[in-house]
Amino acid sequence: MKFLVAIKQVPARDSQLRIASSGKWIEDGDLAYEINEPDAYALEAALQLKEKHGGEVVALCAAPARAGQTIREALAKGADRANHIEEEMGAFDPLSAARLLAAAIKSESPDLVLTGLQSDDLGYGQTGVILAELLGLPHATIIMQVEMEGAGIRVKRELEDGWFQHVDMPLPALLTIQSGISKLRYATLMGIKKAKTKEVKRLGAADLGGAPGTAAITVDRIYLPERTKRTQLFDGSPKEAAAKLVEKLKFEARVI
């Protein structure tokens with residue numbers, strides 16, 4: 001079995017973000033970076049499947065050279081090898097990025113492709129499903145559990161209001177993994193040492209038949225959300241006001 005995991009490097013969660021002078025993106029020269037959290041859970045799911053059923057785990061990352069640290073982290077946790085598409089991905093929308101990833105995946109012919117549900121920086125939540133379409137693979141999203149079933153897999157999908165769906169799927173297939181499905185492992189000292197000797201194949205868009213910098217989506221401006229305060233008074237008796245408050249908290253604020 002060959003499990004391929006697409007991982008992305010994103011700014012660390014505790015980073016102090018500043019908008020660039022162009023107004024089109026953030027200042028990224030002094031940021032710390034880490035693996036995208038949903039992708040970390042996708043990697044964990046692949047490693048657990050490998051431990052149960054054998055095979056190999058291949059990490060795939062499309063990012064500038066600085067992503068080498070994130071790739072080594074994946075290798076230290078247990079991935080067997082990695083492919084690094086060294087490209088500045090700022091100009092890539094989900095379709096362009098998926099085309100680049102698909103070109104690299106086709107040469108690997110994996111049995112199961114795993115991605116995170118979405119990225120922590122842009123949050124499109126589209127790359128995984130577009131990738132499945134380009135590869136011609138059956139796919140399922142918001143995956144909470146993966147089990148091998150004969151020649152296929154059985155997955156548990158998270159729906160709304162605490163409902164779940166169980167789906168039987170053939171292989172090869174593609175899954176987008178939800179955060180929090182299991183406990184993430186730490187890289188061991190031995191794993192860190194082994195990662196230094198594991199293969200990292202470096203590729204460029206030209207090697208995959210693609211041309212960088214052509215995007216169907218462009219960002220005109222990013223800005224900090226305005227801080228506004230608004231007070232709303234509820235008329236009627238205390239019981240009526242409480243009912244209106246509950247309705248607002250449930251359907252607008254979505255906190256209950």
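Please find, among 167, 246, 200, 255, the residue that is among the β-branched types (Val, Ile, Thr) and touching a residue at least 60 places away in the same chain (Cβ under 8 Å).
200
Among residues belonging to segment 106-119 that are charged (D, E, K, R) and in a loop (DSSP other than H, G, I, E, B), point out the one that is nearest to residue 61 (Cα to Cα).
Residue satisfying both the conditions and the ranking: 108.
Considering segment 136-192 alone, what residues qualify as being among the acidic types (Asp, Glu), within 26 Å of residue 123 (Cα to Cα) and in contact with a strand residue (DSSP E or B) (Cβ under 7 Å, 6 or more places away or on another chain)?
Within segment 136-192, 158 is the sole residue that qualifies.
Let's see how each residue does on (1) touching a Phe, Trp or Tyr at 6+ places or on another chain (Cβ under 9 Å); (2) within 26 Å of residue 218 (Cβ to Cβ); (3) at pLDDT 95 or above; (4) of a type in the set (A, V, I, L, M, F, W, C):
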| site | (1), (2), (3), (4) |
| --- | --- |
| 2 | no, no, yes, no |
| 10 | yes, yes, no, yes |
| 13 | no, no, no, no |
| 23 | yes, yes, no, no |
| 27 | no, yes, no, no |
| 31 | no, yes, no, yes |
| 45 | yes, no, yes, yes |
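So in segment 56-92, with the set limited to residues that are farther than 16 Å from residue 198 by Cα and small (Gly, Ala, Ser), which one is surrounded by the fewest Cβ atoms within 10 Å (Cβ to Cβ)?
The selected residue is 65.
Just to be sure I understand the filter: pairs with C-beta atoms under 7 Å, separated by 6 or more residues or on different chains, first member in segment 49-60 and farther than 23 Å from residue 104 by Cβ, second member among the aromatic types (Phe, Trp, Tyr). Which pairs pass?
Hits for this filter: zero, empty list.
Among (1) closer than 21 Å to residue 102 by Cβ; (2) crowded, with 16+ Cβ neighbours inside 10 Å; (3) basic (Lys, Arg), there is one condition residue 156 misses while meeting the rest; what is its number?
(1) is the only condition that residue 156 fails.
Is it true that residue 122 is part of a loop (DSSP other than H, G, I, E, B) and modelled with pLDDT of 95 or more?
In short, no.
Filter segment 1-40 for residues that are surrounded by fewer than 24 Cβ atoms within 10 Å (Cβ to Cβ) and among the aromatic types (Phe, Trp, Tyr) and give the result.
25, 33
Just for segment 186-200: of the residues that are surrounded by 15 or more Cβ atoms within 10 Å (Cβ to Cβ) and under 21 Å from the mean Cα position of the chain (by Cα), which one is farthest from residue 62 (Cα to Cα)?
187
Residues checked against (1) touching a residue at least 24 places away in the same chain (Cβ under 8 Å); (2) of a type in the set (A, V, I, L, M); (3) not in a helix (DSSP H, G or I):
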residue: 67; (1), (2), (3): yes, yes, no
residue: 70; (1), (2), (3): yes, no, no
residue: 82; (1), (2), (3): yes, yes, yes
residue: 95; (1), (2), (3): yes, yes, no
residue: 103; (1), (2), (3): yes, yes, no
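The values are calculated or read from the model by the stated rules, or taken from the named source; none is laboratory data. Not measured: the values here are computed from a predicted model. We place every Cβ from the backbone using ideal geometry, glycine too, and count neighbours over all the protein chains shown.
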